[in-house]
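Input: a single structure, listed below in structure tokens.
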Amino acid sequence: MVTKNRTKFYVTTPIYYVNDVPHIGHAYTTIIADALARFHRLCGHEVFFLTGTDEHGQKIERAASERGLKPKELADQVVLRFKDLWLALNISYDFFIRTTEPFHEKGVQKIFQKLKDKGDIYKGIYKGWYCISDENFLAEDVPLEPSGEKICPDCGKKAILVSEECYYFRLSAYQQKLLDFYAANPDFVRPPGRMNEVVSFVRQGLKDLSITRTTVKWGIPVPDDPQHTIYVWFDALHNYVTGIGYGWNNELFERFWPADLHLIGKDILRFHAIFWPAFLMAAELPLPRTVFGHGWWLKDETKMSKSKGNVLDPHIILDAFGPDPLRYFLLREIPLGQDGNFSHEGFLHRVNSDLANDLGNLVQRTLTMIWNYFQGKIEGAEPENQSDLALKEAFSQLKEKVKILFEDYAINRALEEIWAFINQLNKYLADNEPWKLASIKEKRGRLARILLECARGLWGIAYLIYPVMPASAEKIWEMLGEKRPISSLKFHEINPDLFSADNQMQKPEALFPRVSLQDFLGREIKKEVRMEQKGEMISFDEFKRMDLRVAEVIKAERVPGTDKLLRLEVNIGDETRTMVAGVAETYSPEDLIGKKIVVIVNLKPAIIRGIESQAMLLAAEVGGRAIIPFFDRDVPAGAKVK
């Protein structure tokens, strides 16, 4: 049965494949989970928030071999990319699970043995087309190419034909049980369109599932048959029970299982909404309350993935803005369940309009007047009038709406309601014109009341945005002179009257400085150059893929409206290329004409300030400035650099 107990909240993200490059899509899922975990903590619920990394499988085995490492050594190195990103994004997870942890391996083996003893796992022979990149067998309806091969429809790479002895899970035995469960629990898969997909797939018939490999050594050994390793998806899905204590902490497991919410990308819905509940049924464990398949963040209308080379690095945005603007944008821009297309213009519009103009300016104006007129401490406020009471009632209604929307996972709508109240508070300030009352002695009590109501409104707003923007919320409370941590007050207690007029408030600081698109793109270029220079260890074959050439600068000019960018035309031997380089702080255009530089010519072109940049130069960064390495003797344009 699905639990209805709401005094606890157990939320999970997928465990991310350790060999992936963390991108906006990974950040999105984890930020959703974090906002919901923070909200439920404010509601006084016991919360357990689990995330982690999937570290077994053929991709890791091969990547480690190419670098002369053992798979676990490689996993130990690259897992830090996710941990560092979660730290930068202010993610408040309770436990970070790694599938290489001994307790996880033992838990997976325990479940495997239980299912084998029941007869739900049996040995057979499997033949099928296997995608190494996605670590998944292709569906039988994927057509053969003219070459006689099959191409993975997800990543576009060639699959290999595999025939081997394996263990099967008797998935076919659970077809009707799954359909009965879906019918009895319509919220098990959300949004409803995803449930329709799942039910339709199951009704078409389920075949038994191959769950072990003999050709892959980097995995959890099958109990009593170690020549087989457990298929990475069977292994990975059980992190949700081992991470909460299954097999090693029964008290923790009993307290939090079943999960209240599994957050996943829609591309892994079949594994979580069909295979996973069947495994749990076979193991006689309660099923989760909800599997929520959210949409994708697209770049250039295409799903981000390492294999497609179009991942968007969150660190570029974090370096420029910190975590809260990115957290806000991702949760406000699209409803949970829909796809979104990431654009720099859309992101900056949210930062400059919603954050800098609406919220940031309201904080700045209110606290500036409180400091200028009352030296930071409001005294002598007259009694409330009807407009003041209406504002208080609006907050009370807002609080209830936000609670309902968060509980329904409609975070973007909750933020819309909060911003409607921010606009109402801005209008209250404009209608009452406190700046006109400041010089009228008889109106000082009214002036104090207006500013007190604005301070109380900001106090309440900060509390409500805390799950999404915790650092900004805490900063607003700090400027308002609030000494209590936000987390010390529970959601049902929140009332603007809890804000004390005796608080000594601070002079305001800019919460969200406005940033121009040109400045942001300039920072992004510099970050990309640093990443190219720093990078992770690569193989020689990967290095050989870079086409490095000597280029002669034949024309150079400044990009209008920028301080850092030059437009260069360079001769690379057999053609002339245009490129944009962030070197104007170090070199004038005249310095570069006729110079020979090193450029990468096989990067995907990028549009920068309306100019298609068809190459990228190599430079060192010293003191924040780009230093170009020039040649000490004449070399022909187009010469290969190795």
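What to note about this one:
- Residue within the stretch 409-430 that is at pLDDT 95 or above, among the charged types (D, E, K, R), more than 30 Å from Gly293 (Cβ to Cβ) and in a helix (DSSP H, G or I) present: yes
- Here the condition is being in contact with an Asp or Glu (Cβ under 8 Å, 6 or more places away or on another chain), hydrophobic (A, V, I, L, M, F, W, C) and either in a helix (DSSP H, G or I) or at pLDDT 95 or above (or both); of Ala173, Ala183, it holds for Ala173 alone.
- Criterion (within 21 Å of Asp324 (Cα to Cα) and part of a helix (DSSP H, G or I)) met by exactly one of Ile450, Ile461: Ile461
- The stretch 293-318 residues that are farther than 15 Å from Phe329 by Cβ and at pLDDT below 75, paired with ones that are hydroxyl-bearing (Ser, Thr, Tyr) and outside any loop (DSSP other than H, G, I, E, B) (beta carbon under 7 Å, 6 or more apart): Lys308/Thr302; Asn310/Thr302
- Remark: pairs (first residue in the stretch 605-619, in the same structural domain as Val570 (by TED's automatic domain parsing) and over 19 Å from Leu592 (Cβ atoms); second residue at pLDDT below 80 and outside any strand (DSSP E or B); Cβ separation under 7 Å; 6+ apart in sequence or on different chains) = Glu612/Pro605.
- Val108 among the aliphatic types (A, V, I, L, M), in contact (Cβ under 8 Å) with a residue 12 or more places away in the chain and over 30 Å from Leu285 (Cα atoms): no
- Answer residue from the stretch 619-636, given it is crowded, with 18+ Cβ neighbours inside 10 Å and out of contact with any Asp or Glu (no Cβ under 8 Å at 6 or more places or on another chain) and is farthest from Leu517 (Cα to Cα) among those: Ile628
- Counted residues, the stretch 489-503 - those being in a helix (DSSP H, G or I) and farther than 14 Å from Leu451 by Cβ: 5
- Members of the stretch 334-380 that are more than 30 Å from Leu261 (Cβ to Cβ) and small (Gly, Ala, Ser): Ser353, Ala356, Gly360, Gly376, Gly380
- Pairs with Cβ under 6 Å, 6+ apart, first in the stretch 494-514 and under 22 Å from Ala320 (Cβ atoms), second of a type in the set (Gly, Ala, Ser) and surrounded by 18 or more Cβ atoms within 10 Å (Cβ to Cβ): Leu511/Gly360; Leu511/Ser472; Phe512/Ala356; Phe512/Gly360; Arg514/Ala356
- Candidate set: the stretch 567-615, residues that are among the basic types (Lys, Arg) and within 30 Å of the chain's Cα centre (by Cα); chosen: the one nearest to Ala639 (Cα to Cα): Lys604
- Counted as qualifying within the stretch 552-618 are the strands (runs of 3 or more DSSP E) with 1 or more residues that are surrounded by fewer than 16 Cβ atoms within 10 Å (Cβ to Cβ), namely 576-581, 606-608, 611-613.
- Per-region count, the stretch 32-54, residues part of a strand (DSSP E or B) and either among the polar types (S, T, N, Q) or out of contact with any strand residue (DSSP E or B) (no Cβ under 7 Å at 6 or more places or on another chain) (or both): 2
- In the stretch 101-131, residue nearest to Gly156 (Cα to Cα) [restricted to those that are at pLDDT below 95 and of a type in the set (A, V, I, L, M, F, W, C)]: Cys131
The rows are residues; the columns are (1) at negative phi; (2) exposed (fewer than 15 other Cβ atoms within 10 Å of the Cβ).
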site: Leu42; (1), (2): yes, no
site: Gln58; (1), (2): yes, no
site: Ser65; (1), (2): yes, yes
site: Leu69; (1), (2): yes, no
site: Phe112; (1), (2): yes, no
site: Gly119; (1), (2): no, yes
site: Tyr122; (1), (2): yes, yes
site: Asn136; (1), (2): yes, no
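The values are calculated or read from the model by the stated rules, or taken from the named source; none is laboratory data. Everything quoted here is computed from the prediction, not taken from an experiment. All Cβ positions, even for glycine, are placed from backbone atoms using ideal geometry, and neighbour counts span all protein chains on display.
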